[in-house]
């Protein structure tokens, strides 16, 4: 019985740890031509440039001054923490079928 309880507790701990790793928050790009990088460090390759005002999902915690980010097109990269405006609410959704 003790082994079963330990296995269940271990499963829930691992589940919570994994889900927190994928947690994200909303952010808005606060600088024009912000580089989306392939790593969280100076000298990383630029994947593309982001426009000011673009909405992103970013990790909850920065790594060495960079947030891991996902663009609306689902592209993943890293952006400088000082070039983002972190938002607590989801970006407004537009309904294109209303036109």
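Based on this model, can you work out whether residue 64 counts as on the phi > 0 side of the Ramachandran plot and modelled with pLDDT of 70 or more?
In short, yes.
Tell me, yes or no, whether segment 17-24 has at least one residue that is part of a strand (DSSP E or B), modelled with pLDDT of 70 or more and surrounded by 13 or more Cβ atoms within 10 Å (Cβ to Cβ).
Yes - at least one qualifying residue is present in segment 17-24.
With the checklist (1) at pLDDT 95 or above; (2) on the phi < 0 side of the Ramachandran plot in hand, flag the one item residue 33 doesn't pass.
Result: residue 33 fails condition (2) only.
The values are calculated or read from the model by the stated rules, or taken from the named source; none is laboratory data. All values reported here derive from a predicted model rather than from experimental measurement. All Cβ positions, glycine included, derive from the backbone under ideal geometry; neighbour counts span all protein chains shown.
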